[in-house]
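To keep things clear, I will list the structure first and then write my remarks on it.
The values are calculated or read from the model by the stated rules, or taken from the named source; none is laboratory data. On a predicted model such as this, the values are computed, not experimentally measured, just so you know. Every residue, glycine among them, receives a Cβ derived from its backbone with ideal geometry; neighbour counts consider all protein chains shown.
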Amino acid sequence: KSEGDFFYNNENIESALRLVDFASVYGIEYVLLSESWYKNDPTVSRYIDISAVVQYADTESRSNKVGIWLEVHHATLASHSHSLDSIFQIYREWGVVGVKHTSAMYSTFE
């Protein structure tokens, strides 16, 4: 089971913690922080402390622990100065359990 970010705002930690609480109450194992958690550098969070969210989600007192996934756009990963190994090492250090690789597909209709 997983839960997206239908009521989640990447601009404050309270919103991320509310998402974790919701997931825990309803037995949802993972939540996804959508790609707006970073700006240009996928190793720096714009507004929230990812490791604090992970720690909150993994609290022993929580009846259902919640794993945190991060969404990262493929172009950001491909063009960034850090190697994928170093980016994923940072995510491991934060305690993130998964990464959703996204891409945007655009087409025009005439």
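Within segment 85-101, if we keep just the residues that are more than 10 Å from the chain's Cα centre (by Cα) and small (Gly, Ala, Ser), the residue that is surrounded by the fewest Cβ atoms within 10 Å (Cβ to Cβ) turns out to be Ser86. Filtered by the rule that a residue be of a type in the set (D, E, K, R) and modelled with pLDDT of 85 or more, segment 73-110 gives Asp85, Arg92, Glu93, Lys100. Scanning segment 72-82 turns up no residue that is closer than 16 Å to Glu14 by Cα and out of contact with any His (no Cβ under 7 Å at 6 or more places or on another chain).
Screening segment 12-48 for residues that are of a type in the set (Phe, Trp, Tyr) and crowded, with 20+ Cβ neighbours inside 10 Å and picking the one that is farthest from Val66 (Cα to Cα) gives Tyr38.
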